[in-house]
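The values are calculated or read from the model by the stated rules, or taken from the named source; none is laboratory data. Since this is a predicted model, take the numbers as computed values, not measurements. We place every Cβ from the backbone using ideal geometry, glycine too, and count neighbours over all the protein chains shown.
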């Protein structure tokens with residue numbers, strides 16, 4: 001049995017003014033008509049003209065009332081129907097694929113993961129196809145697939161470089177679309193997580209915010225004037241090359257005390273393991289530091305100071321309203337919080353405002369949710385290319 005085609009195009013073919021109305025409700029709804037008109041600088045008549053066809057088509061729905069204090073009577077609230085469309089997001093690591101099924105507002109309704117036994121693109125795509133097939137069985141109105149990788153995907157289709165997968169110039173978007181029957185967009189994983197926080201997370205109400213990730217590498221995303229700051233260099237790991245401690249250890253490229261050498265899970269794990277002359281996991285490194293082990297404490301303290309310097313650099317240069325800290329290694333920020341905060345204070349002018357730090361702890365399924373958000377963005381903005389084949393039969 002194949003997945004059913006959505007019964008109506010909904011977001012396809014909207015005029016720019018109508019799309020603006022729908023997007024404002026998607027971002028911030030439910031909203032009253034008066035509030036929606038105020039946000040978009042529209043007259044009541046213009047809003048009625050734009051919203052009526054959206055209501056008639058089912059793209060917007062009325063979801064109750066709230067008291068309008070200005071006129072003393074309830075105002076009808078407009079919202080999107082989050083479950084009207086579903087999306088799949090997949091995060092590829094060097095050894096696993098994590099997948100989620102989300103609503104139109106990126107709420108996760110199902111998740112699956114599978115090991116990658118090979119980096120061969122055909123094997124990886126086959127694994128992605130199996131995950132997608134299992135997830136779309138929960139939602140036949142799934143309309144798009146997003147895949148994120150640690151690397152570069154300049155055209156949202158071709159992975160030009162992915163070090164953890166040993167890939168160069170892999171046409172992942174077309175391959176995944178052919179395998180799943182869904183339009184597929186490919187994006188750098190840090191960009192995907194930044195956009196997830198921008199549209200549906202901790203950065204949603206911030207006109208300007210930065211995001212720092214710590215894990216296998218160090219990532220950095222920036223939103224200014226409510227827009228992601230993009231560049232062809234995104235995905236090259238530039239944040240990992242920033243010097244944080246001139247006396248620190250070198251990274252694989254010979255940079256002494258750079259972010260990659262001071263903050264990543266492999267760097268901390270290796271430093272503590274060498275010092276103790278035994279293998280220890282990343283979490284064990286942090287646990288040993290908390291218990292006062294001298295080797296682990298020194299490594300983790302140095303890493304905490306380096307993280308504080310990186311945060312201060314971001315704050316000093318971009319002046320964000322908020323800095324979001326996340327990634328699978330971000331537990332460092334809580335274990336080394338005191339030295340991190342002291343280093344931030346040392347690196348900033350005493351008259352500067354206190355940085356708003358928001359630590360977001362999540363697993364690889366949250367990275368997969370970021371990939372789904374990229375697919376959601378392309379869909380609602382009308383930038384989604386059609387799939388090239390029929391969707392697969394869902395798993396039962």
Quickly run through the range 129-159 and pick out the residues that are farther than 22 Å from residue 102 by Cβ, in contact with a strand residue (DSSP E or B) (Cβ under 6 Å, 6 or more places away or on another chain) and surrounded by fewer than 18 Cβ atoms within 10 Å (Cβ to Cβ).
none
Out of the residues in the range 169-207 that are in a loop (DSSP other than H, G, I, E, B) and in contact with a strand residue (DSSP E or B) (Cβ under 6 Å, 6 or more places away or on another chain), state the one that is farthest from residue 150 (Cα to Cα).
206
Please determine whether any residue of the range 91-109 is free of Cβ contacts under 8 Å to residues at least 40 places away in the same chain and buried (at least 21 other Cβ atoms within 10 Å of the Cβ).
yes
Among the residues of the range 83-105, write down those that are part of a strand (DSSP E or B) and either over 15 Å from the mean Cα position of the chain (by Cα) or on the phi > 0 side of the Ramachandran plot (or both).
86, 96, 97
Do you know which residues across the range 36-66 are touching a strand residue (DSSP E or B) at 6+ places or on another chain (Cβ under 8 Å) and assigned to a helix (DSSP H, G or I)?
36, 39, 51, 54, 55
Considering only the range 350-368, I want to know if a residue exists there that is modelled with pLDDT of 95 or more, under 22 Å from residue 193 (Cα atoms) and either in a loop (DSSP other than H, G, I, E, B) or over 26 Å from the mean Cα position of the chain (by Cα) (or both).
yes
Qualifying residues in the range 162-174 (those that are within 22 Å of residue 218 (Cβ to Cβ) and crowded, with 18+ Cβ neighbours inside 10 Å) - the one farthest from the chain's Cα centre (by Cα)
167
I'm checking my understanding of the structure. Among residues of the range 67-82 that are farther than 22 Å from residue 200 by Cβ and part of a strand (DSSP E or B), which one is modelled with the lowest pLDDT?
68
Taking residue 251 and the conditions (1) surrounded by 22 or more Cβ atoms within 10 Å (Cβ to Cβ); (2) closer than 29 Å to residue 168 by Cβ, which numbered condition does it fall short on, given that it satisfies the others?
(1)
